[in-house]
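The values are calculated or read from the model by the stated rules, or taken from the named source; none is laboratory data. What you see is a predicted model, and the numbers here were worked out from it, not measured in a lab. For neighbour counting, all protein chains shown are included, and Cβ atoms are generated from backbone atoms with ideal geometry for every residue, glycine included.
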Amino acid sequence: MDKIIMHIDFNSFFASVEQQANPHLRGKAIAVAGKAGGDLRRSVVTTASREAKARGVKTAMATWEAKKICPELIIVPGDPQKYAMITERLLNVCRKYADNVEQFSTDEVFIDVTLAADNYFGASMLALMIRRDLKATCGSVCTASIGVAPNKLVAKLASESVKPNGLTVVRPHEVEAFVRTRPLADFCGIGRQTEKRLAELGVTSVDTLRTVPRARLIELFKSYGEWLHDASFGQATDVLKDDTLPAKSIGHSYTFPHDLQTLPEVKKNLLAMADKVAWRLRQQKMVAKRITAYVRYGDFGGDGSARLLNVPVSDGLTISQNAWQLLAPQLELERGVRLLGVSVSELQNVALPTSLFRKEQRMQQVVTALDSVQTKFGADAWRRASTLQTSFRERTSGWHYDHLAMANQT
Ligand SMILES: [Mg+2]
């Protein structure tokens, strides 16, 4: 079945978000550069607003240079947290409508709408719905250009072709003709180096690229030459990387304000952490087979081990008991416990197994009831009495590191 791929790209992203956040900046030439507290005169333009672009301000231009071209330019320091929030909203909107969602950059997503849209007319309607939804969730200043096509390559070329706020639909029979109208520099996969090499060969447009025999391109560029040949006709076998796939592991770790010195402290903190892990596990309707526990000491040395369970679990008590059994034999308290971590992996997407034993059945009923409390009142709605003394009770925010988020950063 032929795919229908949509590419959504915010226009002048950072600048639009700043203008959305601050009405005084709307309609004005602004440039996002550097970060708060930095020397903005020495930084370069990360994003220019539509108004600034019209005056000739470009990305990667030094701010002093931009100021020279456009004296009324307002330089705004970058605020990554603000942009991340809008990216998250974009992803959430897309997940409502798409079969698959791939985040391509902070302000771009590819979504597979083959099933959701059924045909190109449906895809156009879907694009308009997404646009309306984005306006409601991100604000009217944050406009996006949307491209719809049979593959990622052409969908991106399509969204690129009309800015701002464009909607360009390229049906399969229109692909060859549409691609001809696009400059080579707009192709995702043709960088400046390639462009230069192609220019040396006399190839400066899609049309001239098409005239180079496929075999010749392969001779010059190996398998990339094959890609170039196909791309010039708008053909690509690119597939969406699905970001909605379930997590591979879930974990929490915590660095204590003071090194822990006693076993009960370690045990209680492991339990509190295991409860958090278990809660997230159940939220994703998953169970885990592997449990990992680790410790770091005041001297920055550390240790950890893992075990595979026979029966997958999703309750905090079992996870913490296993974590404790893993850590206890190797714990060297005299070194002072600075950090503890618990994580689960080998996740399976299945419902909680129903137990044959009465005691466990009752335990599951309790867990289910507590989950509904948390769903309603938030993750901190309840705590075990035995974990009330744990160190991270005093901290209301930033008490853990999300392992997946950390893994994604690196
Ligand atoms: Mg963009």
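Within segment 174-200, if we keep just the residues that are within 24 Å of residue 4 (Cβ to Cβ) and without any contact (Cβ under 8 Å) to a residue 40 or more places away in the chain, the residue that is surrounded by the fewest Cβ atoms within 10 Å (Cβ to Cβ) turns out to be 177. Could you tell me whether segment 88-101 includes any residue that is assigned to a strand (DSSP E or B) and in the same structural domain as residue 173 (by TED's automatic domain parsing)? Yes; the residues of segment 88-101 include at least one that is assigned to a strand (DSSP E or B) and in the same structural domain as residue 173 (by TED's automatic domain parsing). Of all residues in segment 93-141, those satisfying the criterion of being closer than 25 Å to residue 23 by Cα and polar (S, T, N, Q) are 106, 137, 140.
Only a single item in (1) within 16 Å of the ligand (Cβ to nearest atom); (2) crowded, with 24+ Cβ neighbours inside 10 Å is not met by residue 4, and it is number (1). The residues of segment 296-320 that are outside any strand (DSSP E or B), surrounded by fewer than 20 Cβ atoms within 10 Å (Cβ to Cβ) and either in contact with a strand residue (DSSP E or B) (Cβ under 6 Å, 6 or more places away or on another chain) or modelled with pLDDT of 90 or more (or both), listed by number, are 298, 317, 318. Scanning segment 40-68 for residues that are within 28 Å of the chain's Cα centre (by Cα) and among the hydroxyl-bearing types (Ser, Thr, Tyr), we see that the one that is nearest to residue 26 (Cα to Cα) is 49. Taking segment 9-26 as the range and being within 16 Å of the ligand (Cβ to nearest atom), among the hydrophobic types (A, V, I, L, M, F, W, C) and either free of Cβ contacts under 8 Å to residues at least 60 places away in the same chain or buried (at least 24 other Cβ atoms within 10 Å of the Cβ) (or both) as the test, the residues that pass are 10, 14, 15, 17.
Taken as a whole, segment 27-35 holds no residue that is assigned by TED's automatic domain parsing to the domain that holds residue 106, surrounded by 15 or more Cβ atoms within 10 Å (Cβ to Cβ) and either more than 25 Å from residue 131 (Cβ to Cβ) or away from the ligand (no atom under 16 Å from the Cβ) (or both). Cβ separations smaller than 8 Å between residues 6+ apart or across chains give the following pairs from segment 259-276 residues that are surrounded by fewer than 17 Cβ atoms within 10 Å (Cβ to Cβ) to residues that are part of a helix (DSSP H, G or I): 261/333; 262/333; 263/328; 263/333.
Residue 48 falls short on exactly one of the conditions (1) more than 16 Å from the ligand (Cβ to nearest atom); (2) surrounded by 23 or more Cβ atoms within 10 Å (Cβ to Cβ); (3) modelled with pLDDT of 95 or more, and that condition is (1).
Of the listed requirements (1) out of contact with any Phe, Trp or Tyr (no Cβ under 6 Å at 6 or more places or on another chain); (2) not assigned by TED's automatic domain parsing to the domain that holds residue 94, residue 239 misses just one: (2). Of the numbered conditions (1) away from the ligand (no atom under 16 Å from the Cβ); (2) loosely packed, with under 15 Cβ neighbours inside 10 Å, residue 58 satisfies every one except a single condition; which is it? Tallying (1) away from the ligand (no atom under 16 Å from the Cβ); (2) loosely packed, with under 15 Cβ neighbours inside 10 Å, residue 58 fails exactly one: (1). Among residues that are free of Cβ contacts under 8 Å to residues at least 12 places away in the same chain, away from the ligand (no atom under 16 Å from the Cβ), of a type in the set (D, E, K, R) and not assigned by TED's automatic domain parsing to the domain that holds residue 172, residue 67 is included. Only one entry of 148, 154 meets the criterion of being at pLDDT 95 or above, part of a strand (DSSP E or B) and away from the ligand (no atom under 16 Å from the Cβ), and that entry is 148. Tally up the residues in segment 105-130 that are within 16 Å of the ligand (Cβ to nearest atom), surrounded by fewer than 17 Cβ atoms within 10 Å (Cβ to Cβ) and either at pLDDT 95 or above or not β-branched (Val, Ile, Thr) (or both), please. The total comes to 1.
Of all the listed residues (231, 323, 293), the sole one being assigned by TED's automatic domain parsing to the domain that holds residue 170, touching a residue at least 12 places away in the same chain (Cβ under 8 Å) and buried (at least 21 other Cβ atoms within 10 Å of the Cβ) is 231.
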